[in-house]
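Scroll down for the structure; my scribbles are underneath it.
The values are calculated or read from the model by the stated rules, or taken from the named source; none is laboratory data. Note that the structure is predicted; figures quoted are calculated from it, not measured. Here the Cβ positions follow ideal geometry from the backbone for every residue, glycine too, while neighbour counts run over all protein chains shown.
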Amino acid sequence: MAYSEKVMEHYTNPRNVGTLDKNSKSVGTGLVGAPECGDVMRLQIEVDENNVITDAKFKTFGCGSAIASSSLATEWLKGKTVDQAMTIDNMDIVEELALPPVKIHCSVLAEDAIKSAINDYRVKNGMEPIALPKSHH
Amino acid sequence: MELPIYLDNNATTPLDPRVLEAMLPYFTTKFGNAASRNHAFGWVAEEGVDYAREQAAKLIGCTEKEIIFTSGATEADNLGIKGVFEMYQDKGNHIITATTEHKAVLDTCKHLEKLGAKVTYLSVKEDGLIDLAELEAAMTEQTILVTIMYGNNEIGVVQPIREISAIAHKFGALFMTDATQAVGKIPVDVNADGIDLLAFSAHKMYGPKGVGVLYVRRKNPRVKVTAQMDGGGHERGMRSGTLNVPGIVGLGKACELCRLEMDSEAARLSALRDKLESALTVMEESYVNGNTQHRLPHVANISFKYVEGEGLMMAMKDLAVSSGSACTSASLEPSYVLKSLGLSDDLAHSSIRFGLGRFTTEEEIDYAIENTKKAVNHLRDLSPLWEMFKEGIDLSKIEWAEH
């Protein structure tokens, strides 16, 4: 499959690979996917007292599009407030990376990872988790 | 050394220049229709076809009259299986095959099920070999055909063909084999092996695409197949259609070269394959899939745990290989062959097939080893599963989010 240059670029030079302390109260961790489906994405955010995401890290087991989607997601998360991050839509990722239709799944996974990381952060800090809309797959 | 390096010779092989040379005149000056019996143009073409028939027959130990030219192995598989089913229906309707067969066999059997065939799909053991006792137990008086591939296209495992054919014959059934990956690579002898029908294709053995062979035994027993195409009655009535003369000439030449060079090539390729495998499996959590004794000399199928095959192939961008991961397709199902071995889904997603060939050099294998190691390490650094594994977390205990 021929990938867009942007996918290749993120794949070759993934941004923000790494691990944040998942036990820290200021860190939210989202782990989505399953090994038997061929993709697992772990996305983490670090949030400051102003509700701004100061850092984001990812690790992904999956195809090139899954790695590129999560790499792009971490770039987009940094500097956004948690509320702004909540509005990131998988179709924005599809568009930015020019993902082919069979790879839309990867962007859905990234959106779910973002929301799941935010909810982990919310629950840790005594807030109600946000009800996630049933994903669009 | 030129990049990228082609290591997908199970998918197709490049044409050997010597084959091309043999073919060229048959596109231009020797262009006649081999069925034109009344002039020199036809005779010249027929001569070319006859010679190719001899070359092909010699490779698998049969006579020229037993070679039926087709458009490739898929057509040969279809003609053999459907042709036997239709011809021997009054004797029975039971066919036995295995779950690791090529789709050309599996889908043909599925098609026949709609037409009243009863098909047994034998499972394989974890090394990819079928269980002979299970085969024997599946045989009935209704069994007309056992069709089991010679060497597997994904993992290279070679089935115990002689034992299988003996069991089929004991019950009065015919034995067919899809030998597409085996012919030209390892010795295949239809008489010694007890094969009644055999399919192969030129483009897997440095010949052209679009031409293949169905071997149909003429003696002990005389096998008949019902034609699947009606027309001029070419190929002893079994496969009508104007012969692809240049293709057939190329197939013949390819057969001859394989026969002459098989021993030295097999030794060279298995040494390169072993080098590749041992260099890659010294890495942690890397496994060779399939039986390592009974197999083709040129295939290595390796799973690299905690990295995903398609992602890995992207990192090995200078290597043309293939993956058992289904991430390249719309379905998320990994290779059914690897799953048949009992591989877990995540290991099946993590596999890479290296298919070596006549033009593979040691320098290329050295490069492939370095490139693959680098790619695996890079992706493991990116893999949350690898991190968890390193921390000693049991991944099977994690409740994965359904997706």
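Whether any residue in segment B:337-351 is within 11 Å of chain A (Cβ to nearest Cβ), surrounded by fewer than 16 Cβ atoms within 10 Å (Cβ to Cβ) and either more than 21 Å from the chain's Cα centre (by Cα) or among the aromatic types (Phe, Trp, Tyr) (or both) is what I want to check. No, segment B:337-351 contains no residue that is within 11 Å of chain A (Cβ to nearest Cβ), surrounded by fewer than 16 Cβ atoms within 10 Å (Cβ to Cβ) and either more than 21 Å from the chain's Cα centre (by Cα) or among the aromatic types (Phe, Trp, Tyr) (or both). Put simply, of B:Leu243, B:Leu269 the only residue that is surrounded by 15 or more Cβ atoms within 10 Å (Cβ to Cβ), over 28 Å from B:Lys82 (Cβ atoms) and at pLDDT 95 or above is B:Leu269. In segment B:276-328, of all residues being closer than 26 Å to B:Arg162 by Cα and touching a Lys or Arg at 6+ places or on another chain (Cβ under 8 Å), the one that is surrounded by the fewest Cβ atoms within 10 Å (Cβ to Cβ) corresponds to B:Pro297.
Residue by residue, here is whether (1) of a type in the set (Val, Ile, Thr); (2) out of contact with any Phe, Trp or Tyr (no Cβ under 7 Å at 6 or more places or on another chain); (3) facing chain A (nearest Cβ under 10 Å) holds:
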residue	(1), (2), (3)
B:Ser325	no, yes, yes
B:Ile365	yes, yes, no
B:Glu370	no, yes, no
B:Asn377	no, yes, no
B:Asp381	no, yes, yes
B:Trp386	no, no, yes
B:Phe389	no, no, no
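Within segment B:146-167, none of the residues are surrounded by fewer than 18 Cβ atoms within 10 Å (Cβ to Cβ), assigned by the TED database to the domain that holds B:Asn220 and of a type in the set (S, T, N, Q). Which numbered condition trips up B:Ala56, out of (1) within 19 Å of the chain's Cα centre (by Cα); (2) surrounded by fewer than 15 Cβ atoms within 10 Å (Cβ to Cβ); (3) of a type in the set (Gly, Ala, Ser)? Status for B:Ala56: all satisfied but (2).
Going by the conditions given, is B:Glu86 surrounded by 14 or more Cβ atoms within 10 Å (Cβ to Cβ), outside any loop (DSSP other than H, G, I, E, B) and at pLDDT 95 or above?
For B:Glu86, the condition - surrounded by 14 or more Cβ atoms within 10 Å (Cβ to Cβ), outside any loop (DSSP other than H, G, I, E, B) and at pLDDT 95 or above - is met.
Are there any pairs, at least 6 apart or on different chains, whose C-beta atoms fall under 6 Å, with the first in segment A:52-63 and touching a residue at least 40 places away in the same chain (Cβ under 8 Å) and the second assigned to a loop (DSSP other than H, G, I, E, B) and of a type in the set (Gly, Ala, Ser), and if so, which? Close Cβ pairs (under 6 Å, with a partner that is assigned to a loop (DSSP other than H, G, I, E, B) and of a type in the set (Gly, Ala, Ser)) amount to A:Lys57/A:Gly18.
Check segment B:211-233 and report whether any residue there is touching a residue at least 60 places away in the same chain (Cβ under 8 Å) and either in the same structural domain as B:Val337 (by the TED database) or of a type in the set (Asp, Glu) (or both).
Initially, segment B:211-233 is screened for residues touching a residue at least 60 places away in the same chain (Cβ under 8 Å), giving B:211-218, B:223-228, B:232.
If we keep only those that are either in the same structural domain as B:Val337 (by the TED database) or of a type in the set (Asp, Glu) (or both) too, we end up with none.
For segment B:211-233, residues touching a residue at least 60 places away in the same chain (Cβ under 8 Å) and either in the same structural domain as B:Val337 (by the TED database) or of a type in the set (Asp, Glu) (or both): absent.
Hey, any hits in segment A:73-90 for a residue that's within 13 Å of chain B (Cβ to nearest Cβ) and of a type in the set (A, V, I, L, M)? Quick ask: steps written out before the conclusion?
Here is the first cut: in segment A:73-90, the ones within 13 Å of chain B (Cβ to nearest Cβ) are A:74, A:90.
If we keep only those that are of a type in the set (A, V, I, L, M) as well, we get none.
No - not one qualifying residue is present in segment A:73-90.
Of all the residues in segment B:10-21, those that are closer than 25 Å to B:Ala368 by Cα and touching a helix residue (DSSP H, G or I) at 6+ places or on another chain (Cβ under 8 Å) number 5. Considering the conditions (1) of a type outside the set (D, E, K, R); (2) assigned to a helix (DSSP H, G or I); (3) under 23 Å from the mean Cα position of the chain (by Cα); (4) within 20 Å of B:His203 (Cα to Cα), B:Phe69 is excluded by exactly one of them, (2).
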